[in-house]
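Notes follow the structure.
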Amino acid sequence: MSKNITVSKAILCLITTVVVFAFSTKLNAAIIFSGDGSDEPGFVAPPMPKAPPPPPANMAGGETFIPYPGPPAQPQSRSEKKRPPRPPVMFTKLKSQYGDIDWNARPNDLNNLLNSLKAMADVNYDSENKTFAQINPDPEQNPILYRTGHFHWHLTTAEKAKLREYLLRGGTIILNAGMGSKPFYDSARRIMEEIFPEAPVQRLSADHAVFHSYYDIDQVEYRKGVRASGYTSNEPWLEGVTIDCRTVCFISRFGMESGWDPYEDDNILAYAPESAQRLGMNIVSYATTIQNWAKQVAKRVRYEDAENVTTAASMNIAQVIYEGEWKTRHVGLSMLLKEFNRKTDVPVKFASRDIRLTDSKLFDTPVLYVTGHDAFHLKPEEIAALRTYLTNGGILVGEACCGRSAFDRSFRDLMKVALPGANPEAPSKGHAIYLIPNKITQMTPTDALKQITGKSLVDPELIFWKSGDNVAVIYSPRGLAGGWELAQNPYSLGYTDSLLLGENILMYLLTR
């Protein structure tokens, strides 16, 4: 009889524990702080933590189990195999003051991703969890930061400044909307826009290196919940902030963590497990490849106008501002002008001005420069202003930074409406633009371009569009600005010696 009473007490205790646990976790999933976004459209609640295991059947609810201590640890002899050293830390998962439900709903996401990386690419990395206060601004100490969540994400002004410093010094951050929860996604976008007001948060196009750094990812598989939300494309949805040809932040609109630490629910807004794994592998590959290159870029300095340089017969070049990533390199043009001035003794006023095509001072600038990575579209009034500028003697120098095909297509489409009837022409090998001040017959391709062409030397590629008999547009479909900084992006389809071609373009503009 007493045995039955003991068992009944244990069952009653178990039921009470489960009910209390379920009630408390339900509250936690509903709201964790005021304004957390849990009451907003698109909020996806994190999965409930697993209930604690029941007490042993032969233990009363009020009893306490105290295990006997195990045998004393034996000292390791010299002949025994030593514990292998800890692999280097690649990921740092950002903790939150609001507990695991805010930042660690899928606790094995990074561990599983790194295990997959080790198995498939034979590289061994580790991860750790830290608060933002514990993060070192030096990316060498924490190369990739990872923050996932379902609720709104907040940073103080000081934390935003710290994150900006970290990213500009070569670090990378991945922001993942847990199960596609919109409040986290919205706040991640807002914070990155506040940290980098000069660089837009935008969708990464299919030709971005992150989709080809390990796997070629043109299509992905989504769970049914994504389709139910109205998104019908099979293209991956990653957004980012790109500074000096390096994407420093990745924002995933749909959950990757549920594929890394599998969660069996097809109704969530997430990638299918295999697609999530592939995207994760590519992001790690991209970030690690670009780390050393970022150190070189950080050392570049901006050249300003020297006080003793006369501006008689000077050349003012203004960079065109448009909606999108219009400034891909911050010092490339000034370094080109400085080198041109040094080599030719031609006084050059360094371009320090950016201009919109609708600016009233547009026609005071003889040369415009436009570049970009992604697809772009000008407003009708901007196209009209550009057409008037080009047909009245102005010159536009364009460049598909890093040789990106999305920008290249947009630029060619722009020329069809800005200069209707004008056909693209390739200058002959004996054209003056290839002769002065440098005699150019071939260019040295970047490693990425060399891999595509299979050649160690390639012909220079320039394209002209004319207004009447005059060259109005000089365009390079290959990346130039990275070479002007002597630091081409490792994924760039361009020339390592593009300074030579840049100098020739400037000389052609002066003598035209």
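The values are calculated or read from the model by the stated rules, or taken from the named source; none is laboratory data. These figures come from a predicted structure and were not determined experimentally. FYI the Cβ positions are ideal-geometry reconstructions off the backbone, even for glycines, and counts take in every protein chain you see.
Observations, loosely collected:
- One residue from I101, I135, I66 being over 23 Å from the mean Cα position of the chain (by Cα), β-branched (V, I, T) and modelled with pLDDT of 90 or more: I101
- Of all the criteria given as (1) closer than 25 Å to N104 by Cβ; (2) surrounded by 18 or more Cβ atoms within 10 Å (Cβ to Cβ); (3) out of contact with any Cys (no Cβ under 9 Å at 6 or more places or on another chain), the one not satisfied by M192 is (3).
- Given (1) part of a loop (DSSP other than H, G, I, E, B); (2) more than 14 Å from F250 (Cβ to Cβ); (3) modelled with pLDDT of 95 or more; (4) not polar (S, T, N, Q), number of the condition R190 does not satisfy: (1)
- The lone exception for P460 - which of (1) crowded, with 18+ Cβ neighbours inside 10 Å; (2) not in a loop (DSSP other than H, G, I, E, B) it fails: (2)
- Meets criteria (buried (at least 19 other Cβ atoms within 10 Å of the Cβ), at pLDDT 95 or above, in the same structural domain as D244 (by TED's automatic domain parsing) and under 15 Å from the mean Cα position of the chain (by Cα)) for H208: yes
- Residues satisfying the stated conditions in the stretch 164-220, i.e. over 28 Å from D36 (Cα atoms) and among the charged types (D, E, K, R): R169, D207, D216, D218
- Condition met for R227 (without any contact (Cβ under 8 Å) to a residue 12 or more places away in the chain, more than 15 Å from V241 (Cα to Cα), basic (K, R) and assigned to a helix (DSSP H, G or I)): yes
- Given (1) outside the structural domain of A487 (by TED's automatic domain parsing); (2) at pLDDT 55 or above; (3) hydroxyl-bearing (S, T, Y), index of the condition T310 fails: (2)
- Note on the stretch 266-307: among residues that are in a loop (DSSP other than H, G, I, E, B) and within 30 Å of D126 (Cβ to Cβ), the one that is modelled with the lowest pLDDT is K299.
- Within the stretch 356-363, one or more residues are assigned to a loop (DSSP other than H, G, I, E, B) and in contact (Cβ under 8 Å) with a residue 24 or more places away in the chain.
- The residue list S456, S498, S492 contains one member that is under 21 Å from the mean Cα position of the chain (by Cα) and among the hydroxyl-bearing types (S, T, Y), which is S492.
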